1. Taking the range 86-132 on its own, how many of its residues are more than 16 Å from the ligand (Cβ to nearest atom) and closer than 30 Å to Asn2 by Cβ?
2. When you scan the range 133-145, do you find a residue that is of a type outside the set (A, V, I, L, M, F, W, C), farther than 17 Å from Ala40 by Cβ, within 15 Å of the ligand (Cβ to nearest atom) and outside any strand (DSSP E or B), even just one?
3. For the range 20-31, does any single residue satisfy the condition of being farther than 17 Å from Gln82 by Cβ, open to solvent by 30 Å² or more (accessible area, probe 1.4 Å), out of contact with any Ser or Thr (no Cβ under 9 Å at 6 or more places or on another chain) and at pLDDT below 95?
4. Across the range 69-85, what is the total count of residues that are touching a residue at least 60 places away in the same chain (Cβ under 8 Å), surrounded by fewer than 20 Cβ atoms within 10 Å (Cβ to Cβ) and within 13 Å of the ligand (Cβ to nearest atom)?
5. Of everything in the range 147-160, what is in contact (Cβ under 8 Å) with a residue 60 or more places away in the chain and either loosely packed, with under 11 Cβ neighbours inside 10 Å or in a loop (DSSP other than H, G, I, E, B) (or both)? Give them in sequence order.
Amino acid sequence: MNTKSPETRLDLRKALGNFGTGVTIVSTLSASGEPTGMTANSFSSVSLDPPIVLWSLLNTSPSLQAFDACGRFVINVLALDQLPLSKRFATSMPNKFEGVAHQPGLAGLPVIEDCASVFQCKTVQRLEVGDHILFLGEIEAYHHHTDRDTLLYYRGQYAQGSRLEPSPT
Ligand SMILES: Cc1cc2nc3c(=O)[nH]c(=O)nc-3n(C[C@H](O)[C@H](O)[C@H](O)COP(=O)(O)O)c2cc1C
């Protein structure tokens, strides 16, 4: 399929947007040791044994160098009230972590406070796929808060979910 025309690209994005996702900030340390990161909804779980997750990054992204140099990343799964953080980390700007509550995790990588879930990962594979770089990482540590409702992204907009079934006891 030829996705060169702007109309086709927009239409494909609309089709893909029917698949609702969560929203994450993927964080790492730059080569100079500064916390950095970006908003990503390409996150997905791949394997439970060993525990492997993936996400993908546009190959022209200013963040690419940091993720390559560090060889580790943290998936911070955002809670509903962290929508402003998602918008902040989806903007190209220096010092994205300034004023953002975070703690040093494994290897000193920034772990954002009060996320719904956090997965601290070591990159185990890096693949060039089309215009993106696919990172696969093994989870080395994680924590979660089941009482924190998660922020969703659906049809190109932020959203919140509601249960269609009662919570399991
Ligand atoms: C909800 C949402 C999800 C996004 N998911 C991705 C993604 O999975 N991969 C990607 O490369 N960019 C994604 N972006 C765009 C980046 O967050 C944005 O380009 C950001 O500026 C990249 O940071 P950088 O410019 O500092 O590299 C997403 C943006 C939003 C709002």
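The values are calculated or read from the model by the stated rules, or taken from the named source; none is laboratory data. All of these numbers come straight from a predicted model, not from anything done at the bench. Counting neighbours? That spans all protein chains shown, and the Cβs are built from the backbone with ideal geometry, glycine included. Protein only, heavy atoms only, side chains kept; ligands, DNA and RNA dropped before computing areas. Shrake-Rupley method; radii C 1.70, N 1.55, O 1.52, S 1.80 Å.
1. Residues meeting the conditions: 1.
2. no
3. Yes, the range 20-31 contains at least one residue that is farther than 17 Å from Gln82 by Cβ, open to solvent by 30 Å² or more (accessible area, probe 1.4 Å), out of contact with any Ser or Thr (no Cβ under 9 Å at 6 or more places or on another chain) and at pLDDT below 95.
4. Residues flagged as touching a residue at least 60 places away in the same chain (Cβ under 8 Å), surrounded by fewer than 20 Cβ atoms within 10 Å (Cβ to Cβ) and within 13 Å of the ligand (Cβ to nearest atom) within the range 69-85 amount to 1.
5. Answer for the range 147-160, where residues must be in contact (Cβ under 8 Å) with a residue 60 or more places away in the chain and either loosely packed, with under 11 Cβ neighbours inside 10 Å or in a loop (DSSP other than H, G, I, E, B) (or both): Arg148, Asp149, Arg155, Gly156.
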